[in-house]
Amino acid sequence: MTRAASPVRPVVALSGPVTVSLPSSRRGTGRRWETLCWAACAVFALLLCLRTTLGPHQVWGSCATGGYGLAALVARLSARAWGRASAAVAVGGSVLVPLALLIADGARQLEVTVVERSGGLLLDSGTPYVPDPAGLRDYNPYLPGMALFGLPRAVLGDVPFADARLWFALVSLGAMGLAAALGRGSRSSGRGTARPLLLLAATPAVALPLAVGGVDLPVIALMCLALALAGRGGGPVVTGLALGAAASLKWTAWPLLPVGLALLAVTAGRRAAVRAGATAVTSAVLVVLPAALADPEAFTEHVLLFPLGEGGTGSPAASPLPGHLLATYVPGGFTLAVAALALSAVAVAGSLVTRPPRTTVAAADRLALGLGIAMCLIPATRFGYVVYPLVLLGWFRLGPAGRWWPVDRVTEAPRTHPPAAKPQED
């Protein structure tokens, strides 16, 4: 006698990720948080517009207030939390519109004028530095690599496409996008990078310098790219070139070298770290040394003394942070601030030896800590430098693979099932 076989349910083997939609209440909470974030950005932009005395910042504040407000409305009406639509609206209002208006009007921050002038000087004299600076506008505190952003103006003349701010933005967003793609692996795509880039560009700390002309953004972007390469155990030559490119722009990038090399030593070995270090130092020296030798006195005055507040003209970087307060109000305070800065550098360097970072996020955190301490202790500093630790702390956590990425769906790990059992007969 044969019993009827029990029905066998079909089993499907899943070879890819399973996407599970979250409840509508969770999606609604995400939209509310997104709306509040854009509304807070609008309030910040409005307050800046009302309180600042700088013309470019007033233009940015008025445009960004409308852009962020419209982004909040789009977020409130959107069916999906943290979508690209609201971020794109925010970027349009806080970056594209004010940048176009400022370029058309010819208004720019002093930094943009300095960089564009340095490009012309580099072509004419081989050094981007004015020989005898008489006033604040004559000083160029950046390393010679920054003058490359001024070459389009020197070559093309007074045309909108030659504006240094456009080249700052292109290099910054391009390097950040590449860093995000490297951080997520080979399966990442441009589509997956678009939303993090939009959110980054729309953040007030980034949108403001993108529009009015911030020289620090390409420096930060190249730092993130170098860390992403080191975290993947990238080729020592390519990693070294990225490290050297950042180091040739500004002194603030030099703490990247020990951190990036410590990470590369963990991911690719000490020999790769040594090769990358040699490549980085060689490439940076090849950019910096010719200008330093062309006029050593000008190089010292512009790049060494002026940023420390010891040049012939006082640095405008005078935010009331500990280093500046020590140098200004305490007898011998300048020496104390420099000593504290040196001790903090030794402490961070010691941590790289005793406990080297093993992931890109850990290296970015260590670099953000070191830069944050340094920017508090440098005698001549400004609050705007906070963009360095903010981007370093957030960028490698932002994105589909990051812990801070706001989503309205949860992707589970792939699941496989054993083959279905055959019905038994007796």
Once Lys and Arg are counted +1 and Asp and Glu -1 for all other residues with Cβ under 14 Å from that of Val89, the total becomes +2
Which of Ile220, Ile103, Ile378 has the fewest other C-beta atoms within 10 Å, and how do the rest follow up to the most?
Ile103, Ile378, Ile220
Starting from the Kirkwood Rh over alpha-carbon pairs, what translational D in µm² s⁻¹ does the range 108-402 have by Stokes-Einstein at 10 °C and 1.306 mPa s?
81 µm²/s
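Restricting to DSSP loop positions (anything but H, G, I, E, B) with no more than 11 other Cβ atoms inside 10 Å of their own Cβ, which trypsin sites (Lys or Arg not before Pro) remain in the range 123-187?
Answer in residue order: Arg187.
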Give, in whole angstrom and from largest to smallest, the semi-axes √(5λ) of the equivalent ellipsoid of the range 57-139, with λ running over the eigenvalues of the Cα gyration tensor.
40, 13, 9
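Just so you know, all these numbers are worked out from the coordinates, no wet-lab data involved. Since this is a predicted model, take the numbers as computed values, not measurements. Methodologically, a virtual Cβ is constructed for each residue, glycine included, from the backbone with ideal geometry; neighbour enumeration extends over all protein chains shown.
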